[in-house]
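Novice: Can you read through this structure? Questions will come right after.
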Amino acid sequence: MKTNLKQSFPKKIRICRSKDFKIIFENGTRLYFDNLLLYIYSQKSEVTRLGIIVSRKIHKSAVIRNKFKRRIREIFRKNRSNIKPGYDILVLGTNRCVEENFEVLKQKFLEVLKKENLWIQINN
């Protein structure tokens, strides 16, 4: 079974190292839009990477925290080809946004990207 590479989520587009998280927190632009908190950091790479943080303080249920992470990853994965390359995007879960449904999260996430001029409209 073949997978579409543009819609995969390989390790090279994930933010995994604590050093990278620290750099984004210190140097990135903090955006808070309708209960969705993002840090965006311009880097010199040709790929845009995604990191997600949801603390246990936000929601005690690991099921809810992991569902939020899966939803954000899926939104990023499906829309990756429309996002400008060369950025690190860090999404922090807040009390209200972790319980939002998929469509609301998608709308908020994409609206932030468009507002920050990270969205490239590609005609398919």
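Novice: Out of the DSSP beta bridges found with both residues in the chain, what percent are antiparallel (nearest 5)?
Specialist: DSSP beta bridges in the chain are roughly 65 percent antiparallel.
Novice: What's the FRET efficiency of residue 114 with residue 30 using the Cβ-Cβ distance as r and R₀ = 22 Å, to the nearest 0.05?
Specialist: According to the calculation, E is roughly 0.80.
Novice: While we're looking at this one, here's another question. Tell me, what is the FRET efficiency for residue 22 and residue 107 to the nearest 0.05, using R0 = 35 angstrom and their Cβ-Cβ distance as r?
Specialist: Calculated transfer efficiency: 0.70.
Novice: If you don't mind, there's one more thing I want to ask. Between their Cα atoms, which of 11/78; 19/57; 12/78; 11/44 are more than 20 Å away from each other?
Specialist: Details: 11/78 16 Å; 19/57 22 Å; 12/78 16 Å; 11/44 17 Å.
From the list (11/78; 19/57; 12/78; 11/44), the Cα-Cα distance tops 20 Å for 19/57.
Novice: If you don't mind, another one. If I stretch the segment between residue 84 and residue 37 completely, what's the gain in nm (0.36 nm per residue apart, minus their alpha carbon distance), one decimal?
Specialist: Taking residue 84 through residue 37 to full extension adds about 15.0 nm, to one decimal.
Novice: GNM on the chain, C-alpha springs below 10 Å: top fluctuator among 80, 14, 96?
Specialist: 96
Novice: For residue 77, put the label point 7 Å out on the Cα→Cβ axis and report which residues of the stretch 40-57 keep their amide N under 15 Å from it.
Specialist: 50-52
Novice: Okay, next question. Go from 0 up to the bin containing the longest alpha carbon distance in the stretch 8-124, width 10 Å each, and give me the % of pairs per bin.
Specialist: Going out from 0 Å in 10 Å bins, the stretch 8-124 shows 13, 49, 34, 4, 0 percent.
All of the numbers you see were taken from the coordinates with simple rules; none came from a lab. Quick caveat: nothing in here was measured; it's all calculated off a predicted structure. A quick note on method: Cβ atoms are made from the backbone with ideal geometry, for glycine too, and the neighbour counts reach across all protein chains shown.
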